[in-house]
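No lab work stands behind these numbers, since they all come straight from the coordinates. In this text, all values refer to a predicted model and were calculated from it rather than measured experimentally. Don't worry about glycine lacking a Cβ; one is built from the backbone with ideal geometry, like all the others, and counts go over all protein chains shown.
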Amino acid sequence: MIMKRKFLNKPSLIKSASKKAEKIDSQLAYIANRYYEVFVKDLILPALIGIHSHERKKEQRICINVVLMVDDRCGFTKDKIQNVVSYEKIVKGIKKILRKGHVGLIETLAEDISKMCLVDNRVYIAKIRIEKLEVFKESKSAGIEIERRSKNSILNVNKTIAFGSVPSSEKS
């Protein structure tokens, strides 16, 4: 037996969902044309990182790459550092995180760095790549890459508007 969904018989709900989808599409198009990237490339730092006992005692070199998608409506024309997301602040923040001591997983470090970057409301997306440079003799590096989105960003749309899912405030 095929169950019919209640919303299919409610044109007002479908119309409301359609309007919301159109609004999100227009906001995404606007953002896609109104951002710039801030990046830190190949930042090589010593770190106490890893799950093995020898990694808890001896620092190893890691390579960190950060790419941030940043709101472009911040006012470059005023030529003031407070109007932009500063890569210097990002590097200082990473060093501060590493000074806290041993981290078991590079995934944890990447999450901590992404959270630090996303504190700034102008940052939509943080992509963090971390590589251990001395893990295998046969390999230049081994590592991970994550991408995280701001909770406040329109790019973080997780609601399904198609198929009639309507925000709870609009349910009757």
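Table for the structure above
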quantity: Stokes-Einstein D for region 70-109, Kirkwood Rh over Cα pairs, 25 °C, 0.890 mPa s (µm²/s); calculated: 198 µm²/s
quantity: Efficiency of FRET between LYS100 and LYS19 - r from beta-carbon atoms, R0 45 angstrom, step 0.05; calculated: 0.45
quantity: Over region 34-156 - Rg/Rh using Cα atoms and the Kirkwood inverse-distance radius; calculated: 1.02
quantity: Residues whose placed amide H lies under 5 Å from that of VAL135, excluding near-sequence neighbours; calculated: ALA142
quantity: In region 51-136, the trypsin sites (Lys or Arg not before Pro) that fall in loop regions by DSSP, at most 15 other Cβ within 10 Å; calculated: LYS58, ARG73, LYS80, LYS100
quantity: Phi-based couplings in Hz for region 133-149 (Karplus 6.51, -1.76, 1.60; Gly and Pro marked x); calculated: 8, 10, 7, 10, 5, 7, 10, 5, 6, 9, x, 9, 9, 10, 9, 10, 10
quantity: Ranked list, fewest to most other Cβ atoms within 10 Å of each Cβ, for LEU98, LEU133; calculated: LEU133, LEU98
